[in-house]
Amino acid sequence: MNGVTDLFDRPIRDLRVSVTDRCNFRCTYCMPKEVFGPGHDFLPRDQLLTFEEIASVTGAFVARGVNKVRITGGEPLLRKGIEELVAMLSAIDGVDDLTMTTNASLLARKAPALAAAGLDRVTVSLDAMDDPTFQAMNDVGFPVGTVLEAIDVAAEAGLGPVKVNAVIKRGVNEHAVVDMASHFKGSGHIVRFIEYMDVGNTNGWRLDDVVPADEMIKMIDQIHPVEALSPNYPGEVANRFRYRDGSGEVGIIASVTKPFCGSCTRARVSAEGMLFTCLFATSGTSLRDAIRSGDEVGRAIDEVWGKRDDRYSEVRSAHTPRIGTPVEMSYIGG
Ligand code: SF4
């Protein structure tokens with residue numbers, strides 16, 4: 001194994017592979033309708049990496065120390081034949097943890113086949129327990145009930161415990177913190193609240209709209225007393241808390257108020273094969289060109305990662321210069 005490290009001595013352990021930039025939701029903090037409307041130019045099919053190319057790129061990352069692979073989008077379940085890709089990636093020696101992030105709109109139908117193909121777990125996005133708030137945030141009128149049913153089906157299929165991610169924005173859904181903690185407490189599933197982030201260039205992010213981690217955990221603790229837990233592994237993004245009554249845990253992903261760049265071992269590849277070394281990147285490197293020209297993908301990865309010095313969240317401030325346009329979350333896969 002060739003364990004390449006970056007300029008801060010961080011290895012690559014996690015690979016996030018986006019398989020499509022399309023989604024059937026229009027979450028206001030990620031893919032606002034005004035920008036991603038009917039005329040939006042999504043990536044043409046022939047620009048997408050084929051499943052074979054994704055498997056080959058993944059193999060090159062595994063050879064460099066990656067053991068956790070997350071399939072993302074857009075909405076990954078929109079990619080036709082996704083089960084085949086899951087089977088190809090789960091067959092790669094060294095992929096210890098194969099997961100997927102989904103909005104669950106198609107999960108109930110696909111969960112058994114995904115589990116049979118070798119998927120280990122799913123993370124589901126859900127931003128509120130009440131339909132008016134959730135539907136205002138997903139902006140396509142998708143109901144909470146269907147997501148909850150899909151979580152149950154996924155758990156039955158062996159893809160649990162399910163992690164449930166909720167992006168919390170002040171003035172929009174901070175009430176969901178206690179609602180969701182109460183709903184998932186004792187269920188075995190783990191809800192993680194995410195501080196609203198300035199990802200991409202279209203969500204009109206303001207620091208004032210961020211509900212800090214400390215405030216969220218205080219809200220929960222007042223109703224359901226909690227205590228801090230240590231991370232499951234180095235580089236884990238969520239701060240973990242357990243309910244003092246032993247009925248499970250809850251997490252907070254605090255990229256804004258408690259940045260974790262120091263232990264960031266995540267690489268991201270877009271659906272067209274662009275390698276990004278940070279969620280807040282403004283530029284990437286094409287691995288597709290390397291593959292399609294017969295060049296060695298591994299060398300391209302080593303070159304890019306070896307020069308990596310990203311720590312955007314640590315240096316983020318109102319005055320942090322952004323050279324170029326930040327890539328969109330729906331394109332880079334979160
Ligand atoms: S801001 Fe970039 S470097 Fe920092 S944790 Fe996020 S992805 Fe990693």
(request) Apply 1/(1 + (r/R0)^6) to the Cβ-Cβ distance of residue 309 and residue 24, taking R0 = 35 Å, and write down the FRET efficiency to the nearest 0.05. (result) 0.45
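Shape verdict for the chain, please, from the Cα gyration tensor: rounded (a/c under 1.5), prolate (a/b greater than b/c) or oblate. Before the final figure, lay out the partial values.
Values: a/c = 1.40, a/b = 1.30, b/c = 1.07.
Verdict is rounded for the chain.
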(message) What is the sum of charges, Lys and Arg at +1 and Asp and Glu at -1, for the other residues whose Cβ falls under 9 Å from the Cβ of residue 144?
(response) -2
(message) Taking the Cα of residue 325, stepping 7 Å toward and past its beta carbon, and measuring to each backbone N in the stretch 265-281: which are under 19 Å?
(response) 270-281
(message) Helix-only estimate, please: 222 nm mean residue ellipticity of the chain, summing -39500 (n - 2.57) across DSSP H runs of length 4 or more and dividing by its residues, to the nearest 500.
(response) -8000 deg cm²/dmol
(request) Pairs of lysines 8 or more apart, or on different chains, with alpha carbons under 19 Å: count those in the chain, would you? (result) 9
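Once the other residues with Cβ under 10 Å from the Cβ of residue 278 are scored (Lys, Arg +1; Asp, Glu -1), what is the net sum?
On the way: positive: 266, 268, 308, 311; negative: 309, 310.
So the surrounding residues net to +2.
With a 10 Å radius around each residue's Cβ, average the other Cβ atoms per peptide and rank 71-80, 47-56, highest first.
The packing order, highest mean first, is 71-80, 47-56.
Excluding residue 259 itself, calculate the net charge of residues whose Cβ lies under 9 Å from the Cβ of residue 259, where each Lys or Arg counts +1 and each Asp or Glu counts -1. Don't skip to the answer; put the middle values down first.
Numbers: positive: 258, 311, 316; negative: 314.
In short, +2.
Could you compute the FRET efficiency for residue 34 and residue 131, with r as their C-beta to C-beta distance and R0 at 30 Å, rounded to 0.05?
Numbers: r = 22 Å, r/R0 = 0.75.
Efficiency computed from Cβ-Cβ geometry: 0.85.
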(message) If you roll a 1.4 angstrom probe over the protein chains with everything in place, what fraction of the accessible area of the chain belongs to carbon and sulfur, to the nearest %?
(response) 52
(message) I'd like the distance between the alpha-carbon centres of the stretch 65-112 and the stretch 20-60, rounded to an integer number of Å.
(response) 15
(request) Pick out, from 291, 202, 186, the residue whose Cα sits farthest towards the positive end of the charge dipole of the chain, with +1 on the Cβ of Lys and Arg and -1 on the Cβ of Asp and Glu. (result) 291
(message) Please give the charge dipole size of the chain, origin at the Cα centre, charges +1 on K and R Cβ atoms and -1 on D and E Cβ atoms. Round to the nearest 20 debye.
(response) 200
(request) Rounded to the nearest 0.05, what FRET efficiency do residue 286 and residue 247 give with R0 = 35 Å and r taken as the Cβ-Cβ distance? Could you check? (result) 0.15
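The values are calculated or read from the model by the stated rules, or taken from the named source; none is laboratory data. Because the structure is a prediction, the values reported are computed rather than measured. All Cβ positions, glycine included, derive from the backbone under ideal geometry; neighbour counts span all protein chains shown. With ligands, DNA and RNA removed, areas are computed over all heavy atoms of the protein, side chains included. Shrake-Rupley method; radii C 1.70, N 1.55, O 1.52, S 1.80 Å.
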